[in-house]
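Report on one structure; see the data block that follows.
The values are calculated or read from the model by the stated rules, or taken from the named source; none is laboratory data. All values derive from a computational prediction rather than experimental measurement. Cβ placement follows ideal geometry from the backbone for every residue including glycine, while neighbour counts extend to all protein chains displayed.
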Amino acid sequence: MALDLFHDMRRNGCRHSVLLFNNLIYCLSNADRLNECFDLLNEMKETELQPTHFTFNCILGCLCRRQDVVGALSLLREMRICGHEPWIKNCTLLVKKLCEHGKAVEARNFLADMTKEGFLPDMIAYSATIDGFLNINELDQALKLFREIVNEVVALM
């Protein structure tokens, strides 16, 4: 219904604002309507409106809830190009979801890719990954990640 009104407004010559796009993308992402979110993001770019930090993070949250690592990394790259940072809660959510489903290795790879893209995960994401390794009886991997974290912290001091 809201999308119909949105498109009717456009057909009748009304210009859309970033705020209007963001509100629709927010609602669609919360309803897990990812394709429509991307359609609106593309439409936004076509009208030369710049997606904001909020725009990207709404879509990133939807990708993370779906455990879509490839999609999340792709969007993170686009965010980086546009100068936007992800809400760390979205990245942490993806890591937790992956670990809950026995995919600690995939979670660890996501953290590594995230770091390569210039985004620093928080300790909650690392802890969730360590816990994920422990849950699948990968003690060696859990210890290896723990040591990497300790080494990074020591290097920052």
Could you tell me which numbered condition residue 32 fails, if it satisfies all but one of (1) acidic (Asp, Glu); (2) at pLDDT 95 or above; (3) part of a helix (DSSP H, G or I)? (3)
When every residue in the range 11-20 that is outside any loop (DSSP other than H, G, I, E, B) and touching a helix residue (DSSP H, G or I) at 6+ places or on another chain (Cβ under 9 Å) is compared, the one farthest from residue 82 (Cα to Cα) is 20
Verdict on residue 42 being in contact with a helix residue (DSSP H, G or I) (Cβ under 9 Å, 6 or more places away or on another chain), in a helix (DSSP H, G or I) and among the polar types (S, T, N, Q): no
Scan 30, 35, 90, 42 and give me the residue that is surrounded by 14 or more Cβ atoms within 10 Å (Cβ to Cβ) and of a type in the set (S, T, N, Q). 90
Kindly evaluate residue 148 against the criterion of being surrounded by 14 or more Cβ atoms within 10 Å (Cβ to Cβ), free of Cβ contacts under 8 Å to residues at least 12 places away in the same chain and not basic (Lys, Arg). yes
Sort through 23, 109, 30 and tell me the only one that's polar (S, T, N, Q), in contact with a helix residue (DSSP H, G or I) (Cβ under 9 Å, 6 or more places away or on another chain) and farther than 30 Å from residue 4 by Cα. 109
Residues of the range 45-65 being in a helix (DSSP H, G or I), closer than 21 Å to residue 4 by Cα and either of a type in the set (D, E, K, R) or at pLDDT below 90 (or both), which ones? 45, 46
